Amino acid sequence: KITEQTATISAAAFPVAEIAGFQEFQFFLEESAGYQIDPAASAVVVTTADTAASLPQLSLSVTPPTLVESENTVSVHSFNLSTNPPLEGVEVSVTAAGLEEFDLDSLETTGITGEVAVTFSDPPQLVFTMSEATATISLPVANDGVAEGVETATFTLNSSDVYQISPLAGEGSFQIADTPADVPPSPVEVEVNDTLEGAIAVDPTPGNPVV
């Protein structure tokens with residue numbers, strides 16, 4: 001509750017273990033019966049940084065983990081920037097080992113301005129401009145009809161002077177199988193069973209046959 005015409009709230013930033021780069025936090029005034037909101041001053045954006053040298057942090061995640069060529073499974077590459085990009089956008093480059101396994105003619109994007117350029121280096125790279133804080137590239141795996149066994153494609157963010165790379169989400173990998181029958185089985189999660197360790201040994205005898 002405000003008791004004077006002018007009120008302030010002060011909150012100091014404090015260090016955390018997680019590296020996050022620049023981050024933006026938005027605060028909005030909510031409607032109330034006791035006042036009217038000035039539409040020109042209804043919100044404020046507060047930016048925090050890990051250090052004075054921090055940059056906006058970029059992360060990459062990919063789904064699904066396994067692609068099947070016979071089904072032209074669509075790989076989804078999600079790019080997340082810790083702040084909104086400037087009006088001109090942020091240029092991002094990605095090393096794409098295994099890009100030859102994908103159908104580049106069917107590539108689709110969101111949150112990206114213009115085309116995705118492909119540099120056929122070794123390995124090839126994707127270069128594009130993010131116009132929003134979240135961008136996606138949808139890229140189907142190509143069905144070349146050749147039995148190749150299980151392959152791997154790895155996409156890795158390249159360093160830049162305008163963003164820093166998340167230490168926990170800087171690359172993403174796919175397994176690529178020819179058909180559903182070639183998909184490797186999922187790893188079996190083994191649960192620790194301490195039932196025997198905690199059991200009490202009871203030896204049955206003719207007089208006590210039931211344990």
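General remarks:
- With the convex hull drawn around the C-alpha atoms of the stretch 48-164, the volume per residue stands at 112 Å³.
- Per-residue ³J(HN,Hα) for the stretch 71-80, Karplus 6.51 cos²θ - 1.76 cosθ + 1.60, θ = phi - 60°, Hz, x for Gly and Pro: 9, 6, 4, 8, 7, 10, 10, 10, 10, 10
- The stretch 42-165: antiparallel DSSP beta bridges as a percent of all, rounded to 5: 95 percent
- For the stretch 129-174, fraction of C-alpha pairs farther apart than 17 Å, in %: 52 percent
- Ranked by the mean number of other Cβ atoms within 10 Å of their residues, highest first, the peptides 3-10, 32-39 come out as 32-39, 3-10.
Read-outs throughout are calculated quantities, based only on the coordinates presented, and are distinct from any laboratory measurement. Note that this is a predicted model, so its numbers are computed, not measured. Methodologically, a virtual Cβ is constructed for each residue, glycine included, from the backbone with ideal geometry; neighbour enumeration extends over all protein chains shown.
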